[in-house]
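S.K.: My questions all concern the structure below.
The values are calculated or read from the model by the stated rules, or taken from the named source; none is laboratory data. Not measured: the values here are computed from a predicted model. Here Cβ is always computed from backbone atoms with ideal geometry, including for glycine, and neighbour counts include all displayed protein chains.
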Amino acid sequence: MDGAIEVESIPEKGSCFTVELKEGKLRKLPKEKPGFGDQKEEPETKANADIKLLYVEDNPSNLKLVKDILSNINNLEVLSANHAQLGIELAQAHQPNIILMDINLPGMDGVTALRYLKQMDETRNIPVIAVSANAMESDIKAALKEGFESYLTKPIQIEPFLEVINKTINTARDRKEIAKIL
């Protein structure tokens, strides 16, 4: 990138890192993300959102990334939990439309949490999407066999991520409409 990185360090005192990059041009982001219809540039308060998404993730950076990706979607509230037990409790209390579940969580892993969710009346029909850095085909097949709706790998690729979320939200909406008819 035609830049430089420097470091100055004093033992037991601290370090100073300097990163210099070549001047570039700032790209403007599109006002709308593909596939989600009406979206605003400024996020609004979404306490009464039509769609609730719960993300169970112990890594704050991953959580922030997902929240940023989803922030401009109208009528979508993102709830979060940093461990599986809290995720299960939030799922029971809020009954989100969709759950993103990290597989490798401290304490109880995401697969075990999914099993608990599938045993409870309040949460058994909520689609749960696995999110993991484990990208081996055997890992993906095993998770889907456990009952995950879909499987996303880290690092998150924005377009495929949004496609899976959009498809799952639409499926959840369809299920809700069918339930109203019945």
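S.K.: Would region 96-109 turn up any residue that is of a type in the set (Asp, Glu), more than 16 Å from ILE169 (Cα to Cα) and either at pLDDT 95 or above or under 18 Å from the mean Cα position of the chain (by Cα) (or both)?
M.R.: Kept after step one, since they are of a type in the set (Asp, Glu), are these residues of region 96-109: 102, 109.
Now drop any that are not more than 16 Å from ILE169 (Cα to Cα), which leaves 102, 109.
Subsequent filtering for residues that are either at pLDDT 95 or above or under 18 Å from the mean Cα position of the chain (by Cα) (or both) retains 102, 109.
Looking for residues that are of a type in the set (Asp, Glu), more than 16 Å from ILE169 (Cα to Cα) and either at pLDDT 95 or above or under 18 Å from the mean Cα position of the chain (by Cα) (or both), one finds at least one in region 96-109, hence yes.
S.K.: Sticking with this one: Identify, please: which residue in region 50-81 is farther than 17 Å from ILE129 by Cβ and over 12 Å from the mean Cα position of the chain (by Cα) and is, among those, surrounded by the fewest Cβ atoms within 10 Å (Cβ to Cβ)?
M.R.: Ranking the qualifying residues of region 50-81, first place goes to ASP50.
S.K.: So which strands (runs of 3 or more DSSP E) stay within region 69-156 end to end and still have 3 or more residues that are in contact with a Phe, Trp or Tyr (Cβ under 8 Å, 6 or more places away or on another chain) and either among the basic types (Lys, Arg) or closer than 28 Å to ASP50 by Cβ (or both)? First the steps, then the outcome.
M.R.: Details: elements: 76-81, 98-102, 128-132, 150-153.
By residue number, 76-81, 98-102, 128-132.
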